[in-house]
Amino acid sequence: MRKRLLCIAPDNAHIAALMTGPIHDWDTCCVGNLGDADRALRTERYPVGLLLRARSLLRTTDLDSFLRRHRDTQWIGVFRPHDIDHAACRDLVVEHLVDYHTEPVDPVRLAWTLGHAHGWALLRRPSAPQDDPGLLIGRAEPMVRLRAQVARVARVDAPVLIWGESGSGKELTAQSIHAQSARARGPFVPINCGAIPPNLIQSELFGYERGAFTGAARAKAGLIESAHGGTLFLDEIGDLPKDLQANLLRFLQEKTISRLGSTRAIRVDVRVIAASHVQLQQAVAGGAFREDLYYRLAVLPVTVPALRDRREDVVTLAEHFFRLYADERSPRLTGFSNRAVAALLDHAWPGNVRELINRVRRALVMADGRLVTPQDLGLESPLVMPAALDDIRARTERLALRECLQRSGQNISRAARDLGVSRTTMYRLLSKHGIQP
Ligand SMILES: Nc1ncnc2c1ncn2[C@@H]1O[C@H](COP(=O)(O)OP(=O)(O)O)[C@@H](O)[C@H]1O
Ligand SMILES: [Mg+2]
């Protein structure tokens, strides 16, 4: 297949000369402005792009946001002799281009640069289309099971109790259930029972009438009422004080509440989803949590797996957040280095997905090369840490697999041959290390 090149040039005269020279063997599409270039890139993937008279493009249009949108293409600029003295041109080179040339163009060097850029483009995987931020991402088996559970639970209206470590995705799971349920058009009201001071939870949840207590100048509806027609998410339910557990139980049984300072029962139609990072059975056994409330809430129990139990999703998630927070990074930064990937796979993730988000966002700010390093992520390079021989062996195996796959252009047969193993062994190793070719 011929190599595809997109040329953006304000003036055809410049292209004509190149066509007979360095780009004669490329499949070239030439456009005169960024609007046409946008359209071309929407219909076809161009691994390499050439910006001719790049300074004039800078002057007339919003080149920066265009290049951010199309960072899967490797861009090369051609400038007039003194253009590069201008700060805007230098910024363009540093931020967006893999290389630049000055007129008159040296055809041999340009041919070489184009080939080099094409090689780079092949090594890089194109980024996936923008993901829906409300979606539970992951292809690991526990995640597939969780999504199936969410879909099933969303069809009914009974209470759900979600258990999972901090940062594993309990709230996102609750949002997912709400979004797929018949209540999706109604409100989703989250309350963190551990974050509201105990003396305020009662009035926050149930509301109050005017004069119910000093300072209650006017009546206020509580959070339960405000979730009418939708879903109430009670996070850290284990932190709910005992007396309020009784009130909540009454609400779950009778579907009515009464505001503080009133005896009037108000009917509220709410689905309750509760979550906890501690096993509530233990709190029940210890007497801190009412057993009857526990059984009311745990009609449909759902467990969110810890990130370390779905390691094959770590890189997918890291790449998702890399895209999601694209605005916070330099466009020069194109992805994770092999060593960073190895470090991500090695880390134990005590803070789960929330920790992963924080590390990726930190790396976007810290990185100053083209690829994120383990240090940018705040994860020491795995090979220099003291470790058991088995660990070192596993890490080295992982690195070798990734490197061979990349070198072979993700061709499993070729990578297996390079490593001197059979295809079957190769598949076994890939699955063992959670690597998706
Ligand atoms: N499977 C997932 N896919 C995408 N984002 C996720 C996933 N799991 C968690 N997150 C994100 O990680 C962060 C922490 O998740 P959250 O639901 O608040 O965790 P928890 O409630 O268990 O502490 C949130 O920003 C959430 O959107
Ligand atoms: Mg939470």
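Each reported figure results from applying straightforward, stated rules to the coordinates on display, with no laboratory input. Quantities reported herein were computed from a predicted structural model and do not represent experimental measurements. Here the Cβ positions follow ideal geometry from the backbone for every residue, glycine too, while neighbour counts run over all protein chains shown.
Simple rule: put +1 on each Lys or Arg Cβ and -1 on each Asp or Glu Cβ in region 28-147, find the dipole, and look at THR113, LEU123, ALA87; the Cα lying farthest toward the positive end is LEU123. Among the aspartates and glutamates, which have Cα under 13 Å from the Cα of LYS170 when same-chain residues fewer than 8 positions away are ignored? Reachable aspartates and glutamates: ASP235, GLU236.
Hey, fewest Cβ within 10 Å first, where do LYS432, LYS3 land in order?
Working: LYS432 12, LYS3 18.
Neighbour counts put them in this order, fewest first: LYS432, LYS3.
Per the Debye calculation on region 387-437 with a single equal scatterer at every Cα and no solvent contribution, log₁₀ I(q)/I(0) for q = 0.21 Å⁻¹ amounts to -0.67.
Mark the label point 7 Å from the Cα of VAL278 along Cα→Cβ and return the residues of region 332-371 whose backbone N is within less than 19 Å of it. Hits in region 332-371 for VAL278 at 19 Å: 351. Straightening the chain between ARG80 and ILE392 buys 107.1 nm, computed as 0.36 nm per residue apart minus the Cα-Cα spacing. Semi-axes of the equivalent ellipsoid of region 315-437 are 26, 17, 13 Å, computed as sqrt(5λ) over the eigenvalues of the C-alpha gyration tensor in descending order. Ranking ALA363, SER65, PHE213 by how far each Cα lies toward the positive end of the dipole of the chain (charges on Cβ) leaves PHE213 at the top. As a calculated quantity, the FRET efficiency between GLU44 and ASP157 at R0 = 51 Å, using C-beta atoms, amounts to about 0.60.
If you take the alpha carbon atoms of region 141-303 and fit the smallest convex hull around them, that volume is 108 Å³ per residue. I need the calculated FRET efficiency for the pair ALA195 and ALA17, taking r as the beta carbon distance and R₀ as 56 Å, to the nearest 0.05. With R0 = 56 Å, the Cβ-Cβ based efficiency is 0.25.
Under the classification rounded if a/c is under 1.5, otherwise prolate if a/b is larger than b/c and oblate if not, where does region 4-123 fall, given a ≥ b ≥ c as square roots of the Cα gyration tensor eigenvalues? Working shown, then result.
Details: a/c = 1.26, a/b = 1.05, b/c = 1.20.
Verdict is rounded for region 4-123.
Taking the longest Cα principal axis of the chain as reference, the axis of helix 352-366 is set at about 40 degrees. The angle between the Cα long axis of helix 423-432 and the main principal axis of the chain comes to about 40°, on a 0 to 90 degree scale.
Taking label positions 7 Å along the Cα-Cβ direction at both GLU95 and ALA221, the computed distance is 4.6 nm, reported to one decimal. A full extension of the chain between LYS242 and ARG354 corresponds to an added length of 37.3 nm, given 0.36 nm per residue minus the alpha carbon distance. Placing +1 on the Cβ of every Lys and Arg and -1 on the Cβ of every Asp and Glu, with no other charges, gives region 141-303 a dipole of roughly 580 debye about its Cα centre. Spin-label model, LEU135/ARG423: points 7 Å from Cα along the beta carbon direction are separated by 3.0 nm.
Rounded to the nearest 500, the 222 nm mean residue ellipticity of the chain from helices alone is -13500 deg cm²/dmol, with -39,500 (n - 2.57) taken per DSSP H run of at least 4 residues. Over region 43-91, all Cα pairs binned in 5 Å intervals from 0 give whole-percent P(r) values of 5, 18, 31, 26, 14, 5, 2, 0, listed from short to long. For the chain, the equivalent ellipsoid derived from the Cα gyration tensor has semi-axes of 54, 29, 18 Å, listed largest first.
Could you tell me how many degrees, from 0 to 90 and to the nearest 10, lie between the Cα long axis of helix 170-180 and the main elongation axis, the longest principal axis, of the Cα atoms of the chain? It works out to around 90 degrees.
Stretched out straight at 0.36 nm per residue, the stretch from SER330 to VAL365 would grow longer than its current Cα-Cα span by 11.8 nm. Of VAL278, SER168, PRO301, which is farthest along the charge dipole of region 141-303 in the positive direction, counting Lys and Arg as +1 and Asp and Glu as -1 at C-beta? Going by the Cα projections, it comes out as PRO301. Which residues among region 421-437 fall inside the zone where the amide N is under 15 Å from a point 7 Å beyond the Cα of ARG407, along Cα→Cβ? Residues passing the 15 Å test: 421. For the pair ARG210 and SER431, label points projected 7 Å from Cα toward Cβ lie 7.0 nm apart.
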